[in-house]
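Engineer: Here it is, the structure in full.
The values are calculated or read from the model by the stated rules, or taken from the named source; none is laboratory data. Note that the coordinates shown come from a computational prediction; the quantities given were computed from them, not determined experimentally. Please note: Cβ atoms are built from the backbone with ideal geometry, for glycine as well, and neighbour counts cover all protein chains shown. What goes into the accessible areas is simple: the full protein's heavy atoms, side chains included, and nothing from ligands, DNA or RNA. Shrake-Rupley method; radii C 1.70, N 1.55, O 1.52, S 1.80 Å.
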Amino acid sequence: MKEHSDVLAGGKRNILVADDEFINRELLENILSDEYDVLKAEDGEMAYEMIRQNRNTLSLILLDLIMPKMTGLELLSRISDEPDLKGIPVIVLTSDHDSEVESLRNGAYDFIPKPYPQPDVIKARVSRSIELAENRQIISATERDELTGLYTIEYFYRYGSQFDKYYPNAEMDALCFDVNHFHVLNERFGTEKGDEILKHIAERLETVFADKASFVCRKTADTFLVYCSHRDHDEYAKIVDQIAEIGEDLHTSLKMRVGVYSCCDKKLDIHLRFGRAKIASDKIRNNYTVSVSDFDEALIDAELFAEQLVEEFPKALEEKQFLVYFQPKFDIRGDKPVLSSAEALVRWIHPSLGMISPGAFIPLFEGDGLIAKLDEYVWRRTAEKIADWKARLGISVPVSVNLSRADLYDPELVDTMEKITRESGISRDDLYLEVTESAYVSDSSQMVDRVKALREHGFFIEMDDFGSGYSSLNMISELPIDALKLDMKFIRTAFEKKNDTRMISIVIDIADYLKVPVIAEGVETEEQYLELKRLGCAIIQGYYFSKPVPADEFERFLNDKKEGKG
Ligand code: C2E
Ligand code: CA
Ligand code: CA
């Protein structure tokens with residue numbers, strides 16, 4: 001907008017005179033044409049058309065209130081209703097004192113009484129209004145987010161606080177809307193399409209929260225904040241669904257979530273209220289079934305806990321507080337289950353908090369770039385353990401380690417893996433790699449190429465958590481994989497819901513088609529084991545056989561295998 005007024009500074013500004021009386025139009029043109037280019041309209045409708053056509057260059061409108069086809073007041077309210085017109089200042093021309101007040105109330109900047117005063121007075125009022133409007137536009141350039149036209153965060157907080165001052169008793173909700181895995185959309189379709197999606201979301205939010213007691217802003221890339229009068233949980237669920245419909249229109253799948261800090265405590269600083277909404281939203285970041293998350297106080301502790309863990313990570317790594325546990329996988333295709341491999345799972349043995357499960361810290365570290373360090377550490381310890389077993393026990397099984405999305409971005413990954421196997425003296429088929437399905441899908445080409453490279457170097461690739469997401473069937477056949485690992489939740493629901501194992505059968509069919517084995521994890525009962533065996537699942541892992549155990553305990557399984565006991 002600033003640029004816009006700079007361009008105008010060179011030439012003459014445009015002014016529209018809307019008056020049905022010929023003589024008035026001529027008079028005003030005469031007075032103003034030295035300094036301005038004057039456009040003329042002789043009725044309300046014509047004026048409206050000209051305003052729309054010249055909306056980007058018009059600096060001012062001089063508006064007669066009594067005109068045929070559309071009165072000046074009607075036109076005024078139309079202008080103030082249309083976002084791209086309402087910034088154009090209007091000076092009302094009138095002989096009636098009452099209408100002056102009314103038109104000022106309706107958004108007019110100023111008025112010029114009829115009969116007209118001295119030309120200098122008219123000129124002064126005109127130039128003052130233009131100046132005012134242009135200053136206001138400069139201010140509003142920082143008031144608005146460039147991409148979406150929503151308030152920027154500073155103005156959003158300012159208007160929200162102002163509202164609180166005037167309506168201290170209104171029950172208000174602080175909302176934080178996020179797009180689930182927006183980076184995936186960006187990577188997949190490009191940022192241009194990503195921007196388009198964000199604009200649509202902004203529009204939809206403005207429509208939904210159009211009332212006077214609602215404020216909408218874009219906080220960062222794909223995070224939107226709304227401050228509005230209290231609504232109930234179900235209503236928010238509907239709103240989120242409504243917004244997600246944008247995805248259908250744009251032929252992408254779009255999932256949004258909202259964190260709600262309901263009837264918020266106004267004694268809290270406004271940005272803290274939205275901090276709470278954000279905490280609530282982040283809680284369901286990886287939950288595909290829930291889209292509305294209500295804040296409760298316990299979440300604050302969780303947040304502080306998370307900060308503590310991230311802070312302590314470097315020291316913990318140095319002090320070797322991370323241990324690798326092993327969980328056996330059994331081949332169930334024969335008469336008797338046979339130990340076939342294992343999965344390495346990290347544990348944090350914290351000096352004061354005790355054992356922390358990876359579910360609590362892996363997602364944090366993934367967001368913080370710490371995961372790469374931890375993973376490399378786990379791979380190395382695992383490789384060394386395999387070498388140790390071989391040397392001491394004369395037996396070992398392949399052990400799979402987990403790879404995060406972040407690892408796949410690392411151009412050195414293949415070198416690192418090779419270095420680890422070489423330095424610990426194991427071969428490449430001793431170390432299997434588990435890559436989650438969502439990592440594959442997030443950025444098709446780059447991720448897939450990297451996994452391909454690993455596979456070409458002789459590493460065995462298991463697709464982890466299959467069935468939880470995203471990949472389409474025609475994509476799967478292109479992916480470099482040696483085994484499909486069924487997502488645990490997937491098995492859980494299959495057996496909970498009246499033994500409906502049809503989906504498992506379908507996945508096994510897909511695996512057959514790809515000529516790779518299916519690994520089922522999270523198998524806890526004999527019933528599940530037998531059913532999976534019947535369905536043709538090759539390998540199972542789960543508490544039914546063993547929880548993940550420390551390295552020395554795992555040796556029991558190796559010794560049993562050595563003695564031919566399983
Ligand atoms: P995952 O790779 O899907 O690992 C399987 C998880 O299921 C493990 O949880 C395991 O302990 C658990 N599990 C195995 N059998 C059963 C069962 O019968 N019932 C139940 N309820 N659970 C079972 P864990 O060890 O807590 O790991 C959670 C997740 O953390 C892993 O999921 C993996 O995504 C991640 N993770 C663990 N270690 C590492 C690591 O070293 N690096 C990376 N990047 N991620 C890791
Ligand atoms: Ca895994
Ligand atoms: Ca898994």
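Engineer: What nm distance separates the two modelled labels at Ala170 and Asp234, each placed 7 Å from Cα along Cα→Cβ?
Structural biologist: Those two pseudo-labels are separated by 2.5 nm.
Engineer: Okay, next question. Between Phe22 and Arg136, what FRET efficiency follows from the Cβ-Cβ distance if R0 is 45 Å, with the result rounded to 0.05? Write down the numbers at each step before the final one.
Structural biologist: On the way: r = 33 Å, r/R0 = 0.74.
Here the calculated transfer efficiency is 0.85.
Engineer: As an exercise, identify the chymotrypsin sites (Phe, Trp or Tyr not before Pro) in segment 221-295 lying in DSSP coil whose Cβ has no more than 15 other Cβ atoms within 10 Å.
Structural biologist: Those that pass, being in a loop and sparsely packed, are Tyr288.
Engineer: Mind running the shape call on segment 9-142? Use the C-alpha gyration tensor, a ≥ b ≥ c as the square roots of the eigenvalues: rounded below 1.5 for a/c, prolate if a/b tops b/c, oblate otherwise.
Structural biologist: Rounded.
Engineer: Shifting gears a bit: Using R₀ = 22 Å, calculate the FRET efficiency as 1/(1 + (r/R₀)^6) where r is the Cβ-Cβ separation of Ser357 and Asp301; round to 0.05.
Structural biologist: Values: r = 17 Å, r/R0 = 0.78.
Computed FRET efficiency for Ser357 and Asp301 comes out at 0.80.
Engineer: Return, ordered by residue number, the residues of segment 523-556 whose backbone nitrogen is under 14 Å from a label point located 7 Å along Cα→Cβ of Arg347.
Structural biologist: Taking a point 7 Å out along Cα→Cβ of Arg347, the residues of segment 523-556 whose backbone N falls under 14 Å are 546-555.
Engineer: Now for a separate question. Where a ≥ b ≥ c are the square roots of the eigenvalues of the C-alpha gyration tensor, would you call segment 256-337 rounded, which needs a/c under 1.5, or, failing that, prolate if a/b is larger than b/c, or oblate? All intermediate terms of the calculation are to be shown ahead of the outcome.
Structural biologist: Details: a/c = 4.66, a/b = 1.69, b/c = 2.76.
Because a/c hits 1.5 or more and a/b fails to exceed b/c, segment 256-337 counts as oblate.
Engineer: Sticking with this structure for a sec: Before rounding to the nearest 500, sum -39500 (n - 2.57) across all DSSP H runs of length at least 4 in the chain and divide by the residue total; then give [θ] at 222 nm in deg cm²/dmol. Mind dumping the intermediate values first?
Structural biologist: Details: 23 runs with 284 residues, N = 566.
Mean residue ellipticity, 222 nm, calculated: -15500 deg cm²/dmol.
Engineer: OK, next. So, with a 1.4 angstrom probe, what is the percent of accessible area on the chain that is carbon and sulfur?
Structural biologist: About 50 percent, which is the carbon plus sulfur part of the accessible surface.
Engineer: Full extension from Asn559 to Thr207: what is 0.36 nm times the residue separation minus their Cα-Cα distance, to one decimal in nm?
Structural biologist: Difference between extended and current length: 120.0 nm.
Engineer: How far apart, in nanometres, would the label points at Asp368 and Asp500 be if each is projected 7 angstrom from Cα along the Cα-to-Cβ direction?
Structural biologist: Between Asp368 and Asp500, the simple spin-label model gives 4.0 nm.
Engineer: So with the 1.4 Å probe, I'd like the accessible area per residue for segment 153-295, rounded to whole Å².
Structural biologist: Numbers: 6980 Å² over 143 residues.
Per residue, segment 153-295 has 49 Å² of solvent-accessible surface.
Engineer: A follow-up question, please. Around Gly542, which amide H atoms from residues at least 5 apart in sequence, or from another chain, sit under 5 Å from its own amide H, with H modelled in the peptide plane?
Structural biologist: Result for Gly542 returns Gly522, Val523.
Engineer: Which whole-number value in Å² is the accessible area per residue of segment 9-142, probe 1.4 Å?
Structural biologist: So segment 9-142 comes to 51 Å² accessible per residue, rounded to a whole number.
Engineer: For the chain, give me the percentage of DSSP beta bridges that are antiparallel, rounded to the nearest 5 percent. Don't jump to the answer; show the numbers that get you there.
Structural biologist: Numbers: 37 of 81 bridges.
Antiparallel bridges: around 45 percent, rounded to the nearest 5.
Engineer: Still on this structure: Rounded to the nearest 0.05, what FRET efficiency is calculated for His183 and Tyr543 with R0 set to 41 Å and r the Cβ-Cβ distance?
Structural biologist: FRET efficiency, His183 to Tyr543: 0.75.
Engineer: Once you put a point 7 Å from the Cα of Ala391 and another 7 Å from the Cα of Val338, both along the Cβ direction, what distance in nm separates them?
Structural biologist: Roughly 2.9 nm, to one decimal.
Engineer: Given the pairs Lys199/Lys219; Lys86/Lys114; Lys255/Lys278; Lys419/Lys547; Lys320/Lys547; Lys489/Lys547, which span a C-alpha to C-alpha distance of over 20 angstrom in this model?
Structural biologist: Table pairs above 20 Å Cα-Cα are Lys86/Lys114; Lys419/Lys547; Lys320/Lys547.
Engineer: Taking a temperature of 37 °C and a viscosity of 0.692 mPa s, what whole-number D in µm²/s does Stokes-Einstein yield for the chain with Rh from Kirkwood over alpha carbon pairs?
Structural biologist: This corresponds to a translational diffusion coefficient of 114 µm²/s.
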